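The values are calculated or read from the model by the stated rules, or taken from the named source; none is laboratory data. Here the structure is a predicted model, which means the values were calculated and not measured. We place every Cβ from the backbone using ideal geometry, glycine too, and count neighbours over all the protein chains shown. SASA here: full protein model, heavy atoms, side chains in, ligands and nucleic acids out. Shrake-Rupley method; radii C 1.70, N 1.55, O 1.52, S 1.80 Å.
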Amino acid sequence: MTDPSRILISRLSAHGDVALTLPVIAAIRARLPNVTIGWLVDASAVSLLQGIAGIDALHVLDTRLLKRVAFKPLAWRNALQHLNPVLAALAEARYDAALDVQGLLKSALPPYLARIPRRFGFAGTRECADLFYTDALPAIDLKDASRHVADIYDTAAHQMLDALDVPTFEAARPAVSFRVPKLRELSEVPEFKADALAQAPEALSLKLQALREGVNGCRRPLVILAPATRWASKRWPQGYWAKLLEALIACGYAVALIGGPEDAALCQGVLQGATLSPEARARVADLCGQTNWQSLWAVFTEADVLIGPDSAPLHMAAAVAQSRGLLGAAPKVIGLFGPTAIGRTGPYGQLENAITAGVACQPCFKKRCPLPAPDTGQCMTALTPEAVLTKVLALSAPVYSI
């Protein structure tokens, strides 16, 4: 059989899962260096993938629009006006195979409707998505904490290539690898330049470098705080973030807060809850609402430590560290874990840096804590700022404490 020349990855939102799918690109290119790779991506996550090495085409699907009109027959015409060009582009690209790692109807149907001849995905999926595959890969347990999802996706890519009779040229399978944008590549992406939230990577780097300047030429470690997350059950209390910020500054760190425009109130609450002198406040940058997903890649290349719940920034920062290919490369990624499993979605390559309170009901995988008050959310509230600070100091202690 002739090697496939064009392969589509189908992985729509959420953003963290998109970041964790990046090893699929490296896995495919390790065995098919000259293949054309496309990615079916949700409109909200486009900027996360722009500039990623190895992606040749992005096919953008606005799933929020489709969801809004799903039960409104009068609006179906508008949905078709959006969907038909996407399907036409997929058909025109003449993909030989598609790999759906999401396993939902929204990720399985487009490759089917575009008549891509070989369609791979996991068996036993929710919403019967596997009915639209030509090749079912072994089923996976979405709550299995013994295997990281990045490893699962990497294995799925190799299983697809094996089924397509693509040879392996190395005695051993290549190690799981992440590809992330470089600063130069970001600067050259037209969509990045046009995005008001995407500050120039060079400007962001200079801003963060100035933030960490200390006395006598000493360089302060830069800690990035990413407090926002969609799941209510993953949220660490705002007051805890404020206490941690206050302690980090007292220990001699520089700190930057990140989040989207919708997280501005949260970041402002963290800043206002911390008692900081004017001098100390000068070592804190509030970047909330000033970056898009793509410019965050540039932020993470400057960070020494990132702290956040199980969310997209956590996985993006871990991918940056992995892509550098150096043992011990920054950023160190500290994950605050409650309802989800460290072994499944912890910071890849740094699972030992994830922290959990060890509450008996963890992990429950619930978006909202099912426990009644006063036990609601105890898996996150039992995780103290002092415990997190101890982990930070162990990973990247400052040279001085003022």
Q.
So, Trp293, is that one aromatic (Phe, Trp, Tyr), on the phi < 0 side of the Ramachandran plot, open to solvent by 10 Å² or more (accessible area, probe 1.4 Å) and out of contact with any strand residue (DSSP E or B) (no Cβ under 9 Å at 6 or more places or on another chain) or not?
A. yes
Q: Could you name every one of the helices (runs of 4 or more DSSP H) located completely within the stretch 254-345 that has at least 1 residues being touching a Ser or Thr at 6+ places or on another chain (Cβ under 9 Å)?
A: 293-302, 312-323, 342-345
Q: Go through the stretch 81-104 and count every residue that is assigned to a helix (DSSP H, G or I) and either modelled with pLDDT of 95 or more or more than 27 Å from the chain's Cα centre (by Cα) (or both).
A: 9
Q.
So if I check each of Ala382, Ala330, which one is out of contact with any Asp or Glu (no Cβ under 8 Å at 6 or more places or on another chain) and among the small types (Gly, Ala, Ser)?
A. Ala382
(Q) Can you tell me which condition Ser44 does not meet? The list is (1) part of a helix (DSSP H, G or I); (2) open to solvent by 20 Å² or more (accessible area, probe 1.4 Å); (3) touching a residue at least 60 places away in the same chain (Cβ under 8 Å), and all the others hold. (A) (3)
Q: Given the conditions (1) under 19 Å from Leu40 (Cβ atoms); (2) in contact (Cβ under 8 Å) with a residue 60 or more places away in the chain; (3) of a type in the set (D, E, K, R), report the number of the one that Asp165 does not fulfil.
A: (1)
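Do we find that Leu131 is crowded, with 16+ Cβ neighbours inside 10 Å and more than 22 Å from Ser311 (Cβ to Cβ) in this structure?
On the way: crowded, with 16+ Cβ neighbours inside 10 Å: no; more than 22 Å from Ser311 (Cβ to Cβ): yes.
Answer is no for this residue.
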(Q) Any residue that is without any contact (Cβ under 8 Å) to a residue 12 or more places away in the chain and under 17 Å from the mean Cα position of the chain (by Cα) - is there at least one of those in the stretch 318-328? (A) yes
Q. If you scan the stretch 5-16, which residues turn out to be modelled with pLDDT of 95 or more and within 20 Å of the chain's Cα centre (by Cα)?
A. Leu8, Ile9, Ser10, Arg11
Q. Any residue at all in the stretch 272-289 that is under 23 Å from Ala387 (Cα atoms), of a type in the set (Gly, Ala, Ser) and in contact with a Lys or Arg (Cβ under 9 Å, 6 or more places away or on another chain)?
A. yes
(Q) Can you confirm whether Ile355 is of a type in the set (Val, Ile, Thr), closer than 19 Å to Tyr240 by Cβ, open to solvent by 10 Å² or more (accessible area, probe 1.4 Å) and touching a Lys or Arg at 6+ places or on another chain (Cβ under 7 Å)? (A) yes
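Counting only residues that are more than 12 Å from Ala298 (Cβ to Cβ) and modelled with pLDDT under 60, how many does the stretch 155-187 have?
Here the count works out to 3.
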Q. Any residue in the stretch 359-382 that is of a type outside the set (S, T, N, Q), in contact with a helix residue (DSSP H, G or I) (Cβ under 9 Å, 6 or more places away or on another chain), open to solvent by 60 Å² or more (accessible area, probe 1.4 Å) and farther than 22 Å from Asp144 by Cα?
A. no
Q | Residue, least open to solvent (accessible area, probe 1.4 Å), within the stretch 383-400, restricted to residues that are of a type in the set (Gly, Ala, Ser) and assigned to a helix (DSSP H, G or I) | A | Ala387
Q. Restricting the first residue to the stretch 357-372 and requiring it to be farther than 13 Å from Ser233 by Cα, which pairs with a second residue that is open to solvent by less than 50 Å² (accessible area, probe 1.4 Å) meet a Cβ separation below 7 Å and a spacing of at least six or different chains?
A. Ala357/Cys379; Ala357/Leu383; Val359/Cys379
Q) For the subset of the stretch 47-60 comprising residues that are buried (at least 19 other Cβ atoms within 10 Å of the Cβ) and not in a strand (DSSP E or B), which member is modelled with the lowest pLDDT? A) Gly51
Q. Just one of Leu271, Leu257 is out of contact with any Phe, Trp or Tyr (no Cβ under 8 Å at 6 or more places or on another chain) and open to solvent by less than 10 Å² (accessible area, probe 1.4 Å); which is it?
A. Leu257
Q) Which of (1) under 21 Å from Leu296 (Cα atoms); (2) assigned to a helix (DSSP H, G or I); (3) among the β-branched types (Val, Ile, Thr) is the odd one out, the single condition Ile28 does not satisfy? A) (1)
Q. Here is a list of conditions, (1) under 25 Å from Gln350 (Cα atoms); (2) more than 23 Å from the chain's Cα centre (by Cα), and Gly269 meets all of them except one; can you say which number that is?
A. (1)
Q: Identify, by number, the condition in (1) over 27 Å from Lys367 (Cβ atoms); (2) touching a strand residue (DSSP E or B) at 6+ places or on another chain (Cβ under 6 Å); (3) surrounded by 24 or more Cβ atoms within 10 Å (Cβ to Cβ) that Cys288 doesn't meet.
A: (1)
Q) For the stretch 370-377, does any single residue satisfy the condition of being within 24 Å of the chain's Cα centre (by Cα), part of a loop (DSSP other than H, G, I, E, B) and not aromatic (Phe, Trp, Tyr)? A) yes
